[in-house]
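Presented below is the structure to which this report refers.
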Amino acid sequence: MSDKIVCDCMGTTVEDIKVAVANGAKTVEDIKEATEAGTVCCGCDCELETTLHEVL
Ligand code: FES
């Protein structure tokens, strides 16, 4: 499950988001900064938000 891709453009996985949260990310913007997910087409914003809430 952790290797599920959340952002297709950057290949960011659930695990990458977990690491970002462990390192202090608390918002979707923090996740974008830490992983570059959501910085290409923004098509994954909803997915990023959902995953962030699951991980928090
Ligand atoms: S799918 Fe995440 S930036 Fe395109």
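Contact map, region 1-13: residues that are touching a residue at least 12 places away in the same chain (Cβ under 8 Å) paired with residues that are away from the ligand (no atom under 12 Å from the Cβ) and charged (D, E, K, R), Cβ distance under 6 Å, separation 6+ or inter-chain. Pairs shown: 2/15. Among the residues of region 20-41, are any away from the ligand (no atom under 14 Å from the Cβ), touching a residue at least 40 places away in the same chain (Cβ under 8 Å), surrounded by 12 or more Cβ atoms within 10 Å (Cβ to Cβ) and not acidic (Asp, Glu)? Scanning region 20-41, I find no residue that is away from the ligand (no atom under 14 Å from the Cβ), touching a residue at least 40 places away in the same chain (Cβ under 8 Å), surrounded by 12 or more Cβ atoms within 10 Å (Cβ to Cβ) and not acidic (Asp, Glu), so the answer is no. Just to be sure, is residue 7 at pLDDT below 95 and within 11 Å of the ligand (Cβ to nearest atom)? Here the answer is no, as residue 7 does not meet what is asked. The set of residues from region 44-56 being surrounded by fewer than 19 Cβ atoms within 10 Å (Cβ to Cβ), part of a loop (DSSP other than H, G, I, E, B) and at pLDDT 95 or above is empty.
The values are calculated or read from the model by the stated rules, or taken from the named source; none is laboratory data. Owing to the predicted nature of the structure, the values given are computational and were not obtained by experimental measurement. Note: ideal-geometry Cβ built from the backbone for every residue, glycine included; neighbour counts use all protein chains shown.
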